[in-house]
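K.L.:
Attaching a single structure in structure tokens format; questions to follow.
The values are calculated or read from the model by the stated rules, or taken from the named source; none is laboratory data. Remember, predicted model here, so these are calculated numbers, not experimental data. Heads up, the Cβs are rebuilt from the backbone with ideal geometry, glycines too, and the neighbour counts pull from every protein chain shown.
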Amino acid sequence: MEQRISLITLGVRDAEKIAGFYEALGWKRVETQDGVIAFDLIGQTLGLYPLEKLAEDIGLPVDALGKGASTFSYNVREKEDVAPLLAKAEAAGGRILRQASDVFWGGYIGYFADPEGTIWEVSHNPYSPLADDGAFRWNGY
């Protein structure tokens, strides 16, 4: 198995509302079938799928899925890019969980939740510079 993630699927209660949130951040949908709303990312795709259908696909009741303890990180090229992105998320209907601030390991981060509670970290990691195309690697490019 190769070390990569191809598709990140979020089980959501209101797919159009959540899609609108990501579109307000500047993301573009791609054409899909079967009730999935998809956003191609650099190297992966983020899919929004009705929570009930995701539970059905997995074979679990909706309540068993819970909210999960996961975050998604969006790394930026410069420290100064963190706070404006948090503001954009808030203007799109997100909730700021942690304002942009320095962190013990030398980076600069903030957190927001989308309208259904999925948590995102916005991070500048000076030890992991992004590739020209925005790709992330733990030790940088």
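K.L.:
Do we find that residue 3 is outside the structural domain of residue 133 (by TED's automatic domain parsing), loosely packed, with under 11 Cβ neighbours inside 10 Å and of a type outside the set (Ser, Thr, Tyr) in this structure?
P.N.:
Considered against the rule, which asks whether it is outside the structural domain of residue 133 (by TED's automatic domain parsing), loosely packed, with under 11 Cβ neighbours inside 10 Å and of a type outside the set (Ser, Thr, Tyr), residue 3 comes out as yes.
K.L.:
Out of (1) touching a strand residue (DSSP E or B) at 6+ places or on another chain (Cβ under 7 Å); (2) in the same structural domain as residue 119 (by TED's automatic domain parsing); (3) of a type in the set (D, E, K, R), what's the single condition that is false for residue 40?
P.N.:
Just one mismatch for residue 40, condition (2).
K.L.:
Keeping to region 57-84, report how many residues are at pLDDT below 90, of a type in the set (D, E, K, R) and part of a helix (DSSP H, G or I).
P.N.:
2
K.L.:
Let me ask something else about it. Take residue 110 and tell me if it is at pLDDT 90 or above and either loosely packed, with under 12 Cβ neighbours inside 10 Å or closer than 25 Å to residue 132 by Cβ (or both).
P.N.:
When the stated conditions are applied, residue 110 passes them.
K.L.:
Could you figure out which of (1) assigned to a loop (DSSP other than H, G, I, E, B); (2) under 17 Å from the mean Cα position of the chain (by Cα); (3) surrounded by 15 or more Cβ atoms within 10 Å (Cβ to Cβ) isn't true of residue 117?
P.N.:
The one condition residue 117 does not meet is (3).
K.L.:
OK, next. Could you list, in sequence order, the residues of region 90-114 that are aliphatic (A, V, I, L, M), in contact (Cβ under 8 Å) with a residue 40 or more places away in the chain and in a loop (DSSP other than H, G, I, E, B)?
P.N.:
92
K.L.:
Go through (1) touching a Gly at 6+ places or on another chain (Cβ under 6 Å); (2) in a helix (DSSP H, G or I); (3) at pLDDT 95 or above for residue 87 and report which single condition fails.
P.N.:
Checking residue 87 against (1) touching a Gly at 6+ places or on another chain (Cβ under 6 Å); (2) in a helix (DSSP H, G or I); (3) at pLDDT 95 or above, the one that fails is (1).
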